[in-house]
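The values are calculated or read from the model by the stated rules, or taken from the named source; none is laboratory data. Just so it is clear, the model here is predicted, and its values are computed rather than measured. Here Cβ is always computed from backbone atoms with ideal geometry, including for glycine, and neighbour counts include all displayed protein chains. These accessible areas exclude ligands, DNA and RNA; they are computed on the full protein's heavy atoms, side chains included. Shrake-Rupley method; radii C 1.70, N 1.55, O 1.52, S 1.80 Å.
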Amino acid sequence: MEERSSKRIKPTMEDEEEDPSSSSSQLNLPPSMNRPTVSLETQRINRLIHSDHYHSPSKPIYSDRFIPSPSGSNFALFGLEPSPGKEDGPGSYAGMLRTVLFEPETPEKADVVTGFSPSSRNIFRYKTETQRPVNSFPPFGCDEGPSVSRTPVKPPRNILKSAYKVLDAPALQDDFYLNLVDWSAQNVLAVGLGGCVYLWNASSSKVTKLCDLGGDESVCSVGWALRGTHLAIGTSSGTVEIWDALRCRRIRTMGGHRLRVGALAWSSSVLSSGSRDKKILQRDIRSQEDHVSKLTGHRSEVCGLKWSYDNRELASGGNDNKLLVWNQHSTQPVLRYCEHTAAVKAIAWSPHLHGLLASGGGTADRCIRFWNTKTNTRLSCVDTNSQVCNLAWSKNVNELVSTHGYSQNQIIVWKYPTMSKLATLTGHTFRVLYLAVSPDGQTIVTGAGDETLRFWNVFPSPKSQRRESGIGALYFGRTTIR
């Protein structure tokens with residue numbers, strides 16, 4: 001029995017020498033256990049451990065996932081060519097996958113394929129070197145967050161850079177301190193030419209001669225009443241005349257100034273007049289008196305006057321470089337602004353923000369300044385590099401227009417409060433001394449010493465307005481106002 005057992009155990013001992021881990025001492029097997037059976041189990045374990053090198057001839061190998069083999073792939077379907085060399089290697093498949101996702105390999109990206117270079121850290125970051133647009137990788141789209149609006153930016157408004165209509169205005173004076181052009185609420189333009197006043201109907205283009213002062217007297221200012229039926233005329237002799245424009249008849253002549261009247265401003269039934277005699281007279285046309293009060297504060301000629309839109313404040317500018325603000329009942333200025341270094345003719349109240357006042361200085365100043373008259377605050381200042389002759393605010397949008405003299409004779413449309421230039425218009429060859437805005441708020445007319453009146457479309461229409469402007473904007477041509 002012992003010899004028979006030793007013969008049966010001997011082959012097993014050889015297996016144990018080949019695999020020391022299968023020894024009975026390491027497995028701690030009982031003596032009565034059948035050792036050949038243990039040897040078969042050990043071999044089966046080894047086969048499982050070294051499965052890469054052992055293939056059963058009778059049983060197929062199954063896997064828990066599918067790994068494609070490049071050798072069986074259709075490269076033509078992706079527009080690619082198989083890589084040379086060992087196709088079944090992991091580097092080949094990784095290279096093909098990288099090519100499909102991140103475009104074909106270029107010399108600059110060779111280091112990404114060969115290893116983890118410093119640039120490989122940014123492989124999933126958007127870079128300017130990537131020519132393929134980000135939104136071509138669905139479903140990611142662009143890299144903006146969900147809260148970012150993707151509405152396209154509205155382009156700036158296109159403003160025609162040339163005047164659409166030109167009127168000849170012979171004898172239009174080249175005098176910075178005068179105000180000879182005004183546009184009524186009835187769409188009628190009044191222009192002072194020498195000693196005469198002419199009316200131009202913007203709807204019909206009809207020209208009417210309203211009056212002739214006669215003699216050596218000349219027109220120094222014109223100003224329409226708010227309703228647009230009565231016109232005030234300031235003269236070189238210091239008088240102020242009120243005319244009924246519908247009947248072409250003079251209603252009244254008022255005195256009080258000793259020198260020429262270069263500035264006029266209406267507030268309901270009250271007419272303010274500024275003169276070279278440094279005084280401002282308040283006139284109530286319902287009263288028999290020529291004036292009801294006298295405002296003193298300027299030390300030189302008054303050349304700019306404007307009532308606020310609520311008719312509570314009057315702003316005045318003078319050749320003394322001062323900007324003064326008055327209330328309805330004061331005879332002394334309630335606010336004084338002395339920052340300008342040249343004559344202040346250009347004055348404009350904002351129709352959008354109560355108490356916002358803009359003013360412009362002459363040749364030595366060249367600045368547009370903004371003020372808050374409610375808080376007596378100096379807001380901002382813009383150097384225009386040119387004499388500021390006029391200012392006007394758009395009633396439709398938060399923009400304003402300025403006209404200029406020395407040395408560029410330009411017209412500028414500004415966006416408030418950024419004061420970015422929307423358009424610069426040129427055409428006049430002399431200082432653009434006169435400015436008026438159409439009743440619909442879309443068109444301006446400018447006048448200069450070159451004896452022309454030019455019409456420009458600069459402001460948009462109000463959102464509620466759907467009809468076309470009645471000023472004949474499609475008419476291109478040049479005519480005379482008298």
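What the table shows:
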| item | result |
| --- | --- |
| Computed E for H352/D383 - FRET, C-beta separation, R0 22 angstrom, nearest 0.05 | 0.40 |
| FRET efficiency, T296 to S204 (Cβ-Cβ, R0 45 Å, nearest 0.05) | 0.55 |
| Distance in nm between pseudo-label sites at R249 and Q288 (7 Å out along the Cβ direction from Cα) | 2.1 nm |
| Accessible-area composition of segment 325-442, carbon plus sulfur, in percent [1.4 Å probe] | 49 percent |
| Burial ranking of peptide ranges 323-336, 184-197 (average Cβ count within 10 Å, highest at the top) | 184-197, 323-336 |
| Amide H contacts under 5 Å for A346, placed H, 5+ residues apart | G360 |
| Å² per residue, accessible surface of segment 176-335 at 1.4 Å | 41 Å² |
| Segment 184-231: C-alpha gyration tensor shape, a/c 1.5 cut-off, then a/b vs b/c | oblate |
| Paramagnetic label zone (point 7 Å from Cα along Cα-to-C-beta, K374; backbone N under 19 Å) in segment 290-313 | 307-313 |
| Shape parameters for segment 148-235, alpha-carbon atoms, Rg then Dmax in Å | 18.3, 70 |
| Share of carbon and sulfur in the accessible heavy-atom surface of segment 188-312 [1.4 Å probe, %] | 44 percent |
| Estimated inter-spin distance, Y406 and L259, nm [label 7 Å along Cα→Cβ] | 2.0 nm |
| Relative contact order, percent, segment 358-471 [alpha-carbon distance under 8 Å, six or more residues apart] | 17 percent |
| Cut-off 11 Å, label 7 Å out along Cα→Cβ of R227, residues of segment 246-283 by amide N | 269 |
| Cβ-Cβ FRET estimate between N311 and D168, R0 fixed at 45 Å, reported to 0.05 | 0.80 |
| Cα gyration tensor shape for segment 265-381, rounded if a/c is under 1.5, else prolate or oblate | oblate |
| Centroid-to-centroid separation of segment 275-295 and segment 336-355 [C-alpha atoms, Å] | 22 Å |
